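To start, the structure under review is shown below, and the notes come after it.
Please treat every number below as a calculation from the coordinates, not as lab data. Bear in mind the structure is a predicted one, so any value in this text is a computation, not a measurement. Positions of Cβ are backbone-derived with ideal geometry, glycine not excepted, and every protein chain shown enters the neighbour counts.
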Amino acid sequence: MPRPLHQTSPFVVPTDDGKLIHEHFGAASLGESDLSVARMVAPPGWSEPPQRPEFDEYTLMVSGRKRVDVDGVVIELAAGESLLIAKGSLVRYANPYEEPTEYWSVCLPAFTPARVHREED
């Protein structure tokens with residue numbers, strides 16, 4: 001039987017946009033390609049370029065709000081809500097609000113830069 005893996009030091013993913021990413025399980029932290037789990041904190045005014053990922057992404061909101069544009073449909077997520085974005089969707093994430101937003105992201109298969117397919121703004 002596999003031993004439990006107690007993650008006490010998640011991998012801090014380097015970013016240049018002020019977003020904090022702590023990957024607990026995934027490609028960057030453990031070399032795991034099947035699944036990634038990360039805690040994110042996005043500052044006010046943060047946004048990412050549009051992307052068309054090769055993974056399903058589950059978002060579970062902890063605090064604040066987050067705007068998600070999925071194939072032209074805009075969804076505003078709030079604390080306690082969740083969202084599933086299917087792989088292949090054109091998605092753009094943003095926090096245009098005045099408070100930070102905290103959420104967890106679960107990706108199947110695991111997030112990698114090669115699988116996200118970010119587009120130019």
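Structure values in brief
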item: Sequence-distant residues sharing a close amide H with residue 97 (under 5 Å, placed H); result: 45
item: Estimated 222 nm signal from helices in the chain, with DSSP H stretches of n ≥ 4 weighted -39500 (n - 2.57), rounded to 500; result: -1000 deg cm²/dmol
item: Residue-by-residue Karplus 3J(HN,Hα) for region 78-86, coefficients 6.51, -1.76, 1.60, Hz, glycine and proline x; result: 10, 3, x, 9, 9, 8, 10, 9, 6
item: Per DSSP, loop GluC sites (Glu not before Pro) in region 47-121 with at most 15 further Cβ within 10 Å; result: 54, 81, 98, 119, 120
item: Separation between Cα centres of region 24-50 and region 74-96, rounded to whole Å; result: 14
item: Residue 79 long-range amide H proximity, modeled H, under 5 Å; result: 64
item: Derived scalar couplings ³J(HN,Hα) [region 48-61; Karplus, 6.51 cos²θ - 1.76 cosθ + 1.60; whole Hz; x for Gly, Pro]; result: 10, x, x, 8, 10, x, 8, 9, 6, 10, 9, 10, 10, 7
item: Farthest toward positive dipole pole in the chain [+1 Lys/Arg, -1 Asp/Glu at C-beta], among 64, 93, 24; result: 24
